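Heads up, the thing below is written out as structure tokens.
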């Protein structure tokens, strides 16, 4: 770079060697690497803060969403429960259940001619039942009865898994409490609505009654085949004894009726009943209530079942005549009835025999195809009645 100076117009050239440095403005400071590093650190710190803010905001959104979902879920669940609870049956029906009364007709001497309608036994408590009966029922129907709250989640999951593997319904997940709700309060239809109501009633029953009370309600109301309801009626029907006197094998037989009373009733299918009873005894072994030796001894001590014979065919004429007239004397009965009649079984048998002989001899000669007979006492009481011979 050159500059000129001088007086009187003279000039002088002075060369200044270049230093290669850049001239800076007055008051400014040169930028260095050290000055740039804090700016980068500041940027990194800002990014961390922004990241934390984003994470915090996302967490807040998630928490708020979860809270709102829980609130609305609770509201929705309450609405569903309220909707299905609107038409729940009256729970007082448990203590005031209605049923069709049975009618037992007796002859003149007090013998049973026939029994019609449902047979209910005397309600008994669990402490009046043999322990073997309770164990047989629990081993077969609800092994976790004393541990669940009305719904057996483990049993339900197990039943679903078994049914999925088999491709058909093999096991059910209903507890004894659910069976009470279904049998005493609800219709047999299979819908989601009925299943929800069944679960709601089961939870209520568990809160209202003790386990012993629920078991007694179940065993006193359940249908056990041959027109019998309750273990006391079934014990009298099948074994002619009280429930408290049942043997191990007899207890297992009654417990086996719970699944399909009509199918496994010994009065209808003795062989199936025996097979089912053997399965119940095996269930008791699996549940830890019996040893294999006790099961073997119970099978060897199987009682010979003797059932009362059906009334003679000839008495059906008298029965058909008397049944419609009972309501005219007593009105609408809500309890079991025992009706003493004037029928004489000896005269009835003689009338049946004599009428058959008469129809086969004199009847054929007179071309008479039908005959009837009514024997009356001097007071007008019916002693024998035969018709349609």
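Where a number appears in this text, it was derived from the coordinates with a stated rule and is not lab data. Here the structure is a predicted model, which means the values were calculated and not measured. So basically every Cβ, Gly included, is an ideal-geometry build from the backbone, and we count neighbours across all protein chains shown.
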Within 10 Å, count the other beta carbons around each residue, average over each peptide in 148-156, 318-326, and list them highest first.
148-156, 318-326
Is the C-alpha gyration tensor of the range 187-314 telling us rounded, prolate or oblate? Criteria: a/c under 1.5 is rounded; beyond that, a/b larger than b/c is prolate, otherwise oblate.
oblate
How long is the gain from residue 165 to residue 335 if the chain were fully straight, where each residue apart is worth 0.36 nm and the alpha carbon distance is subtracted?
56.4 nm
Taking Cα pairs under 8 Å and at least six residues apart, what relative contact order does the range 120-300 come out at, in percent?
27
Cβ neighbours within 10 Å, averaged per peptide: list 222-235, 343-356 in order, most packed at the top.
222-235, 343-356
When 135, 206 are ranked with the fewest other C-beta atoms within 10 Å first, the list becomes 206, 135
The percentage of Cα-Cα pairs in the range 337-384 separated by more than 13 Å is 62
Inter-part distance where the range 343-386 and the range 119-154 are each reduced to a Cα centre, Å:
53
Residues residue 297 and residue 127, FRET efficiency given R0 of 35 Å [Cβ-Cβ distance, rounded to 0.05]
0.85
Could you work out how far the C-alpha centroid of the range 185-226 sits from that of the range 230-245, in angstrom?
23
